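One structure below.
Read the figures in this text as sums done on the coordinates, not as results from a lab. What you see is a predicted model; the values in this text were computed from it and never measured. We place every Cβ from the backbone using ideal geometry, glycine too, and count neighbours over all the protein chains shown.
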Amino acid sequence: MEIRKVQVTGGSSYTISLPKTWIDSLKIKKNDPLGIIIRQDGTLIISPFIAREKNQSVKTFETDAKTEEDLVFRSLIGAYIAGYKVIKVVSKVEIPARIRRAIKEFCQITIGPEVIEETVNLVITKDLLNPSEMPFDKTIQRMHIIIKNMYRDVITAFVEKDPVLAENIITNDNEVDRLHWLVMRQANLISHDIKVAEKMGETLWSASHYTMISKLFERIADHTCRIARKVIDLADEKIDQSAITDEIVNVGDIAINILTDGVDAFFEQNIESSNDNIKKGKDLIGRCEKIMNQILAKRGSVALPLSGIVESILRIGEYSTDLSEYVIDYLIGEETK
């Protein structure tokens with residue numbers, strides 16, 4: 001770090017000289033305008049990029065007649081998360097219909113990208129979303145609402161043995177995935193462009209924690225879908241164990257309440273509540289293990305899917321407990337700053 005003293009000119013203007021190496025590297029000339037960004041922590045950011053846009057980041061994927069559509073789809077998701085604004089899919093021959101379907105699915109399952117140009121051997125997508133329009137806190141709240149509704153529905157499907165409702169829950173997992181990818185993308189953009197961070201009012205510190213929370217939500221949604229699949233497996237089975245069913249519902253309620261309390265503690269910045277939530281998670285482990293032993297002792301064709309449901313409820317409780325630990329780390333870190 002270079003230390004430079006502040007000078008006073010004209011009696012009322014404060015000035016500081018800029019490093020010559022920085023000036024030369026950016027080819028800044030006399031009378032060129034520079035932007036000054038005042039951050040919340042008092043730091044000043046000096047940017048030369050105010051009169052011109054930075055070159056938009058572009059990623060190009062080359063394909064041919066043998067390219068697998070799954071690879072194209074995964075590559076597009078990877079480029080989206082990495083923060084590329086413009087993505088091109090090119091081919092020396094005509095792009096097959098299956099590849100075009102993969103590109104269309106990518107645009108449907110992500111937030112922002114749209115096809116802006118399409119020819120026989122070229123498809124271009126561009127992200128039209130302004131990052132500041134989807135702040136992290138709103139995205140996390142939206143994910144929580146979707147997961148909570150999915151979870152309540154899957155418990156209802158379990159009790160009422162409703163495979164149709166269970167199928168709908170699995171479909172809703174796509175909405176959680178697309179929001180998780182958005183969080184990952186915006187976190188990457190913040191790490192590469194200070195102006196995005198300023199527009200969103202976030203820092204690398206906060207972005208990293210939102211990313212961790214989003215990942216936990218994505219895993220909780222996955223386990224909710226696993227429960228739904230077990231419910232479908234049990235649709236034609238007779239469960240003559242009402243006491244165990246009630247116990248599963250009870251621990252299920254505890255698990256989702258730990259998640260909800262953890263989210264509330266995060267937005268209320270409540271460390272004590274987060275700590276209490278961690279204790280609830282430890283109690284849940286013991287209750288789930290007890291139910292698992294009861295199920296395995298009964299055996300029968302329903303034992304495996306029932307134990308799978310309890311296992312996923314336990315994982316949801318553990319991930320929700322992890323959330324409370326992240327909240328404590330984040331809030332203490334905020335106090336330190």
Sites residue 161 and residue 329, calculated FRET efficiency, Cβ-Cβ separation with R0 41 Å, nearest 0.05: 0.50
The lysines whose Cα lies under 24 Å from the Cα of residue 161, excluding any fewer than 8 residues away in the same chain, are 148, 230, 238, 290, 298
Hey, what D do you get for the range 216-337 in µm²/s if you plug the Kirkwood alpha-carbon radius into Stokes-Einstein at 25 °C and 0.890 mPa s? 161 µm²/s
Scan the chain and report its longest stretch carrying no GluC sites (Glu not before Pro) that are both in a DSSP loop and have at most 14 other Cβ atoms within 10 Å. 95-236
Mean separation of Cα pairs under 8 Å and 6+ residues apart, divided by the residue count of the range 1-157: what relative contact order is that in percent? 14 percent
Between 0 and 90 degrees, rounded to the nearest ten: what's the tilt of helix 303-336 against the longest Cα principal axis of the chain? 30 degrees
For the range 124-136, in order, what is each residue's ³J(HN,Hα) by Karplus, 6.51 cos²θ - 1.76 cosθ + 1.60 with θ = phi - 60°, in whole Hz (x at glycine and Pro)? 10, 10, 9, 7, 9, 7, 7, x, 5, 6, 10, x, 3
Where N is the number of residues in the chain, Cα Rg divided by 2.2 N^0.38 Å: 1.28
For q = 0.21 Å⁻¹, what log10 I(q)/I(0) does the range 45-173 give under the Debye formula with an equal point scatterer on each alpha carbon and no solvent? -1.14
